[in-house]
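Here's the structure, in structure tokens; my notes come after.
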Amino acid sequence: MLRPGSRGEAVRDLQRRLGALGYDAPGAEAGTYGASTALVVRAVQEARGLRVDGICGPQTWSALVESGYRLGDRLLYRRRPMLRGDDVAELQRRLNGLGFDAGREDGILGDDTTAAIIEFQRNMGLAADGICGRSVIAALDRVGSLAEGSVASVREREALRRGPHQLAGRRVFVAAAPGFETLARAVVHELLEAGAATTLDASGANDSQLAAASNRFAADLFLAFRPGDRPGCRCSYFESGRFRSEAGFEIAGALRAELAPLLGHDACATGRAYAVLRETRMAAVICEPVAAVDVDGMRSLVTRGSDVARAVVRGVRRGIERDPHPEV
């Protein structure tokens, strides 16, 4: 965890990585985490869809490491722990653009991406070993991209159109950061009343741990409540590059619409690349009703907790139970 005031070789390494991305801190700060370095870190966090706080924690550091990989720098294949990086995201984007479903363009090489590599190799007459090396990249370069869209996005849209359009019976994993437990419990109560199966995690676990727990629960929706890094209410869904989670986008937008009258009409729905949004295997939305430093906003949230909880569940229901065949 590097923050303003930190010094030493780790800070120099951070500054070198920032420089490699085109973000240069003044030479006078070499080895020192000063105001300029913090400003550059904030710019990187904003650009990468991360929490913007100017502190280089695990997620920011991972993003910097992953950003250093370009397609072709290394062999890409299914392994444990799974490979991550911008090279994986580029591979997923190119495979999806050709119609080989590599799954969400999240930069994580899992089973869907491996299956897409193998299918692409078979179609190109290559050894179907699931390894992306020079021969696969050369084949990708030869065929180019046949479409601007993504087969993964199309698949999500079709699943939304054809899937069951009701909240009852859905499995919802609810997570609460410290201070948001009361609101989360009220949301769980409303979800149960609506017929959903739900569980609450108020352990304060990190994003990757929450994502793993939600995946084990086999949830249909991951819903988290935590403080924001800026004023106002924000509902975030997974988005990276040209890919976005269609289900997350629908639900986040519906949540914003329901919460705006209660928490301020500047409430917004936005695509982010937080680890928990990236690593969950289902639609996922993070609701940040108030900023971490907004004491008055937190008091108001506690006072109106029941109303906010009902609005949240109305938004979830609205996002799931929209008309699957709207009139044109």
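May I ask you to verify whether Ala176 is touching an Asp or Glu at 6+ places or on another chain (Cβ under 6 Å) and modelled with pLDDT of 95 or more?
When the stated conditions are applied, Ala176 does not pass them.
Could you grab me the full set of residues in region 268-307 that are farther than 23 Å from Phe173 by Cα and acidic (Asp, Glu)?
Asp294, Asp296
Determine, yes or no, whether Val44 is touching a residue at least 24 places away in the same chain (Cβ under 8 Å) and either farther than 18 Å from Phe243 by Cα or touching a strand residue (DSSP E or B) at 6+ places or on another chain (Cβ under 9 Å) (or both).
The answer is yes for Val44.
Here is a yes/no grid of residues against (1) at pLDDT 95 or above; (2) under 21 Å from Ser208 (Cβ atoms); (3) of a type outside the set (Phe, Trp, Tyr); (4) surrounded by fewer than 23 Cβ atoms within 10 Å (Cβ to Cβ):
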| site | (1), (2), (3), (4) |
| --- | --- |
| His265 | no, no, yes, yes |
| Val276 | no, yes, yes, no |
| Thr280 | no, yes, yes, no |
| Val285 | yes, yes, yes, no |
| Val290 | no, no, yes, no |
| Asp296 | no, no, yes, yes |
| Ile320 | no, no, yes, no |
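Answer yes or no as to whether Val52 is open to solvent by less than 10 Å² (accessible area, probe 1.4 Å) and either β-branched (Val, Ile, Thr) or out of contact with any Ser or Thr (no Cβ under 9 Å at 6 or more places or on another chain) (or both). Before the answer, list the steps.
Working: open to solvent by less than 10 Å² (accessible area, probe 1.4 Å): no; either β-branched (Val, Ile, Thr) or out of contact with any Ser or Thr (no Cβ under 9 Å at 6 or more places or on another chain) (or both): yes.
The answer is no for Val52.
Quick check: anything in region 237-248 without any contact (Cβ under 8 Å) to a residue 24 or more places away in the chain, closer than 25 Å to Thr199 by Cα, in a helix (DSSP H, G or I) and not basic (Lys, Arg)?
There is no residue in region 237-248 that is without any contact (Cβ under 8 Å) to a residue 24 or more places away in the chain, closer than 25 Å to Thr199 by Cα, in a helix (DSSP H, G or I) and not basic (Lys, Arg).
Within the group Ala260, Ala218, which residue is free of Cβ contacts under 8 Å to residues at least 40 places away in the same chain and farther than 21 Å from Arg93 by Cβ?
Residue meeting the stated conditions: Ala260.
Quick one: would you say Phe225 is in contact (Cβ under 8 Å) with a residue 60 or more places away in the chain, open to solvent by less than 20 Å² (accessible area, probe 1.4 Å), within 15 Å of Ala284 (Cβ to Cβ) and touching a Pro at 6+ places or on another chain (Cβ under 9 Å)?
yes
Leu200 - would you say it is under 22 Å from the mean Cα position of the chain (by Cα), among the aliphatic types (A, V, I, L, M), at pLDDT 95 or above and open to solvent by less than 20 Å² (accessible area, probe 1.4 Å)?
no
Would you mind listing the helices (runs of 4 or more DSSP H) fully within region 52-157 where at least 2 residues are within 22 Å of the chain's Cα centre (by Cα) and either modelled with pLDDT of 95 or more or over 23 Å from Glu246 (Cα atoms) (or both)?
The helices (runs of 4 or more DSSP H) meeting that bar are 58-67, 86-97, 111-123.
Please verify whether Ala211 is touching a strand residue (DSSP E or B) at 6+ places or on another chain (Cβ under 8 Å) and in contact (Cβ under 8 Å) with a residue 40 or more places away in the chain, treating the condition exactly as stated. Quick ask: steps written out before the conclusion?
Numbers: touching a strand residue (DSSP E or B) at 6+ places or on another chain (Cβ under 8 Å): yes; in contact (Cβ under 8 Å) with a residue 40 or more places away in the chain: yes.
The answer is yes for Ala211.
Within region 235-263, work out how many residues are hydroxyl-bearing (Ser, Thr, Tyr) and open to solvent by 20 Å² or more (accessible area, probe 1.4 Å). Walk me through it before giving the result.
So the first thing to find is which residues in region 235-263 are hydroxyl-bearing (Ser, Thr, Tyr), and the list is 236-237, 240, 245.
Filter again for open to solvent by 20 Å² or more (accessible area, probe 1.4 Å), leaving 240.
Here the count works out to 1.
The values are calculated or read from the model by the stated rules, or taken from the named source; none is laboratory data. Remember, it's a predicted structure, so these values are computed and weren't measured experimentally. Using ideal geometry, Cβ is built from the backbone for each residue, glycine included, and neighbour counts are taken over all protein chains shown. Accessible surface areas use protein heavy atoms only, side chains included; no ligands, DNA or RNA. Shrake-Rupley method; radii C 1.70, N 1.55, O 1.52, S 1.80 Å.
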